[in-house]
Amino acid sequence: MATFRPLALAALALPALLLGACDALPAPASADAALDIPEVESGAISEATIKDVTRLLASDEFEGRMPGTIGEEKTIALLTERFKAARLKPGNGNSWVQEVPLVEITGKDYAPLTLTGKGAPIALQFGKDWVGVTYREEARTTLKDSELVFVGYGINAPEKGWNDYAGLDVRGKTVVILVNDPDWQAEGLEGPFGGKAMTYYGRWTYKFEEAARQGAAAALIVHQSAPASYGWNVVESSWTGPQAYPQYGANPPPRTQMNGWITEAAARKVLAAAGQDLDALTKAAQTKGFKPVSLGLAAATSFANDLRRFSSHNVIGILPGSEAPDEYVLHTAHWDHLGRCTPARDGDDICNGAIDNATGTAALVALAEAHAKAGPARRSLVFIALTAEESGLLGAYHYAANPIFPLAQTVGGVNMDALQMAGPARDVTAIGLGKSALDRFLEAALKADGRVITPDPKPEAGYYYRSDHFALAKRGVPMLYIDGGQDLIEGGRAAGEAVAKDYTENRYHGPKDEFDEAWDWSGVMADLQLYYRLGRMLAMSTSWPNWNEGDEFRAIREQACQAASKGC
Ligand SMILES: [Zn+2]
């Protein structure tokens, strides 16, 4: 779910970070004080490979690469064939794939969402005013007479003394939630939830997880473009049609009957009917001690669900290391996209996902080829094309919960999602800068190219939580997530912002994210050189970069390292 960023801050010179093994642990005598920057001969990384693989994956023939469709079969076959040709080894024993059991649920025959109890009943139209799905494997979803409650930002953060559900039992009720964090409009990074930067509490995934933990029957997030950082068109195309979920088996996590979104206009109408005002409620919700507000309305709707269980696949290849083959450096990229989606005006209904993420998947193949050509590194280099990222990082969560290579022996890695196709840039954008000692590897690799780091220009969009590295980070594995630069050689930041704006508004998660024969690949080739250097440096080093002091993922890493007999 990565997108381009509209606005970039000034480049940031990084303080020399202390780097050694996980410094909370007895570090082996390695400490790469000076990082060897690998030379990349020209032609070592094949432009033809990334171009051809991107073009193929983004072609109509692959039908938008929806998990569990012919698009998946073609994608798995192509990646397996290219990993083999690159002379990688199968990454899962003798198999090139890891099965990811999923269930596809497709809602249909939606009744309007009706709100009754004050004045004339309100009937909201599916798709136009609201969208909703169930995560439960039930043939029919029926929400009846469910009391409506406004729960502000829907956050329960004991460590911050913040609970938007305090004092109200919402079991069986329908909660109305605001997206992002209460302090998302802050100028800087100061505030109870990190100011402008979105925390995981701001993500729609967290909102639904918490509503389910609270026992709500349904949860509706109010869509507002600014705090969400995308338009209703994205919500509508992502939340209608087939949706994929993990097969939870015997002990599923708590789940509501229905999760969905409601437009700002529809929310204002419903709140007004309850004698409330969205702006006044939002103001109250941004204040510590906010109390949930019962709206005196009852919600009802129903729809049928087509259920289909199937296994999707992560594709995994490895270049075994020479001296420390049981230490692993990861490269990840999701191969999936939305398949067929809401048609464009010209009737085109294939969401080709050229930039998102045919480019990143093709980069995986080009890097695998280049590393194999260069020969084994000290540690093993792993290449994982993940499934079902668009459905909630499902392939990555499945891998992180069922790792083929022990996480404590996984040094770290880099995730590639939606490469920048706007031409060469003086910088790269580091999402999650300052989280781990991997930054030092990035800094060194960039210096070799005379490029600089730009911090995430839009921390309020929560991009660190929106792609596959997050599923691994949540299990403690240090992961880098870099995006293309904004300061273009041709046209500077203004040009970079214009390309980003066009992508976000006209192509992201729509039928027009298509392959363009006119693309200038020199920018991506420079980024590939950076990814190559990063992977090689990590795989040649003896160190175990850790999360920085105070980072949300450091504790879980140290626990994992302590519990492991070898590795970090
Ligand atoms: Zn993506």
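Might you tell me the accessible area per residue for the chain, computed with a 1.4 Å probe and given in Å²?
36
Output the relative contact order of the chain, whole-number percent, from Cα pairs under 8 angstrom with separation of 6+ residues. It would help to have the intermediate numbers written out before the result.
Values: 1332 pairs, mean separation 137.7, N = 568.
24 percent.
Return an integer: the convex hull volume of the alpha-carbon atoms of the range 59-121, in Å³ per residue.
That works out to 169 Å³ per residue.
Using Cα pairs under 8 angstrom and six or more residues apart, how large is the relative contact order of the range 109-307, in percent?
Numbers: 407 pairs, mean separation 77.2, N = 199.
That works out to 39 percent.
Given DSSP loops and a limit of at most 10 other Cβ atoms within 10 Å, what is the longest stretch of the chain that contains no such GluC sites (Glu not before Pro)? Show your work: numbers first, answer last.
Working: sites that count: 39, 41, 187, 190, 517, 549.
It works out to 191-516.
Convert 4 °C to kelvin, take the viscosity as 1.567 mPa s, use the Kirkwood radius over C-alpha pairs of the chain as Rh, and evaluate the Stokes-Einstein diffusion coefficient in µm²/s, rounded to a whole number.
Numbers: Rh = 24.3 Å.
Roughly 53 µm²/s, to the nearest whole number.
Treating the Cα atoms of the range 109-307 as identical point scatterers in vacuum, please give the log10 of the normalised Debye intensity I(q)/I(0) at q = 0.12, 0.13, 0.16 Å⁻¹, two decimals.
-0.56, -0.67, -1.03
Once the convex hull of the C-alpha atoms of the range 183-281 is built, how many Å³ does it hold per residue, rounded to a whole number?
It comes to 139 Å³ per residue, whole-number rounded.
Using only Cα atoms, figure out Rg for the range 246-304 and give it as a multiple of 2.2 N^0.38 Å. Spell out each step's value before the answer.
Details: Rg = 15.8 Å, N = 59, 2.2 N^0.38 = 10.4 Å.
Relative to the rule-of-thumb radius for its length, the range 246-304 sits at 1.52.
Report the calculated FRET efficiency for residue 213 and residue 60 (r = Cβ-Cβ distance, R0 = 60 Å), to the nearest 0.05.
0.90
Roughly to the nearest percent, how much of the accessible area of the range 109-307 is carbon and sulfur, given a 1.4 Å probe?
53
Can you pick out the pairs among 160/458; 108/160; 74/108; 108/196; 144/474 whose Cα atoms lie more than 31 Å from each other?
In this structure, 108/160; 108/196; 144/474 exceed 31 Å between Cα atoms.
The values are calculated or read from the model by the stated rules, or taken from the named source; none is laboratory data. What you see is a predicted model; the values in this text were computed from it and never measured. Please note: Cβ atoms are built from the backbone with ideal geometry, for glycine as well, and neighbour counts cover all protein chains shown. Surface accessibility is based on the protein's heavy atoms, side chains included, excluding ligands, DNA and RNA. Shrake-Rupley method; radii C 1.70, N 1.55, O 1.52, S 1.80 Å.
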